[in-house]
Amino acid sequence: MSQPPRALKRGDLHPELRRTYGLVPAVPFHNPLFHFIVRLLQRLRSRRIKPVAGVVIEDRPLSHGAVRIYRPQSAANGAGLLWIHGGGYIIGDVSISDRECIALAKELGLVVVSVDYRLAPEHPFPAALDDCFEAWHFVQDRADELGIDRRRIALVGQSAGGGLAAALAQRIADTGGVQPAAQVLMYPMLDDRTAADTALDPLRHFLWNNRNNRGGWGWYLGQTPGQPGVPAYAVPARREDLSGLPPAWIGVGEQDLFYAEDCAYAQRLQAAGVHCVLHIGPQAPHAYDLIVPQSSVAQAFVQEHYRFLREQFRL
């Protein structure tokens with residue numbers, strides 16, 4: 001599948017997305033000083049749990065990170081999700097996904113366990129993945145308490161969280177035991193070799209550009225992106241054998257920096273015999289479901305991965 005023209009100006013975007021994305025500044029997350037300020041503001045921001053009708057929410061500690069659990073007060077169906085938030089491996093926390101996790105608990109009757117993992121550069125690979133792996137075992141070990149079936153748990157991740165979800169699926173496959181029922185990868189950050197392609201730097205990829213991408217991968221890997229060797233599970237797209245992985249849904253916008261790598265990963269999963277649904281958002285940039293959630297393209301994105309989860313869980 002060839003890559004469509006990338007977004008160079010606001011007019012390349014879907015009409016419903018242009019106005020909002022035109023107001024989004026090009027944020028230099030890769031700049032150490034700016035990154036420090038963002039992380040400082042993140043620590044100062046309240047992460048307090050706000051009561052939500054119909055959903056019980058609580059935080060539990062892990063060895064290093066933590067999990068936030070969302071349980072529907074009624075209509076729970078015995079299935080669950082391990083949710084992994086985005087942020088380029090370098091920003092974000094569990095609270096940024098409250099809206100999505102609450103909606104999944106309410107609308108699909110799922111118990112959602114969201115991982116608050118450690119971030120680079122203070123904690124490079126494998127810290128974040130280790131926290132996600134511990135969270136997977138947390139859910140498995142407490143499945144009875146949480147009211148879910150150990151074999152009906154899917155992995156879901158956004159952006160860098162999608163990369164971590166893909167890497168976690170690979171690690172669990174190699175470890176053995178109960179496997180995830182599915183993996184939902186939303187515009188996942190899968191391949192450090194994209195960051196190494198400096199020809200992408202001048203192109204205007206909204207919200208997350210290639211300079212940010214190179215900064216995120218470099219801090220996460222502890223080395224310049226695109227090097228010949230990387231540790232196992234650090235870069236999901238570098239794994240040679242994708243056979244035996246859980247059924248997958250991958251969603252990405254046409255104008256996303258990750259479009260080519262996500263399409264390539266979907267094709268490789270399909271070639272390896274893994275059931276994989278690829279959803280492409282027309283003229284859509286990164287995280288469009290979060291930035292303009294009321295748009296028709298964002299609604300289609302949400303409804304399609306909901307449909308996939310219903311199918312996998314037989315809801």
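Please treat every number below as a calculation from the coordinates, not as lab data. Remember, predicted model here, so these are calculated numbers, not experimental data. Note that each Cβ is placed from the backbone with ideal geometry, even for glycine, and that neighbours are counted across all protein chains shown.
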### Query
Okay, which of region 226-267 sit inside 20 Å, backbone N to the point 7 Å along the Cα-Cβ direction of residue 204?
253-259
### Under the Karplus curve 6.51 cos²θ - 1.76 cosθ + 1.60, θ = phi - 60°, whole-Hz ³J(HN,Hα) for region 174-189, x wherever Gly or Pro sits
6, 6, x, x, 4, 9, x, 6, 5, 9, 10, 10, 9, 5, x, 8
### Message
If R₀ is 45 angstrom, what is the calculated FRET efficiency for the pair residue 315 and residue 224, using the beta carbon separation as r and rounding to 0.05?
### Response
0.50
### Message
Full-extension gain between residue 73 and residue 296, please, as 0.36 nm times their residue separation minus the C-alpha to C-alpha distance.
### Response
77.3 nm
### Query
Which of the peptides 289-298, 104-113, 198-207 is most tightly packed, and how do the rest follow, judged by the mean count of other Cβ atoms within 10 Å per residue?
104-113, 289-298, 198-207
### Query
What is the distance, in nm, between label points placed 7 Å from the Cα along the Cα-to-Cβ direction at residue 49 and at residue 107?
2.3 nm
### Fully extended contour minus Cα-Cα distance, from residue 60 to residue 264, at 0.36 nm per residue
69.8 nm
### Query
Per residue, what volume in Å³ does the Cα convex hull of region 214-299 take up?
113 Å³
### Query
When Lys and Arg each count +1 and Asp and Glu each count -1, what net charge do the other residues less than 15 Å away from residue 77, Cβ to Cβ, add up to?
+4
## Note on the structure
For the chain, longest principal axis from Cα atoms; helix 210-221 axis from its Cα atoms; angle between them, nearest 10 degrees, is 50 degrees
## Note on the structure
Phi angles of region 62-78, converted by Karplus (6.51 cos²θ - 1.76 cosθ + 1.60, θ = phi - 60°) into ³J(HN,Hα) in whole Hz with x for Gly and Pro, give 10, 4, 10, x, 7, 10, 10, 10, 10, 10, x, 6, 8, 6, 5, 10, x
### Message
Please list, short to long, the whole-number percent of alpha-carbon pairs of the chain in consecutive 10 angstrom bins beginning at zero.
### Response
6, 29, 38, 23, 4, 0
#### Entry: Coarse-grained scattering of region 48-165 at q = 0.23 Å⁻¹, given as base-10 log I(q)/I(0) from a Debye sum over alpha-carbon atoms
-1.34
## Note on the structure
So the angle from the long Cα axis of helix 296-313 to the longest Cα principal axis of the chain, reported in degrees to the nearest 10, equals 40 degrees
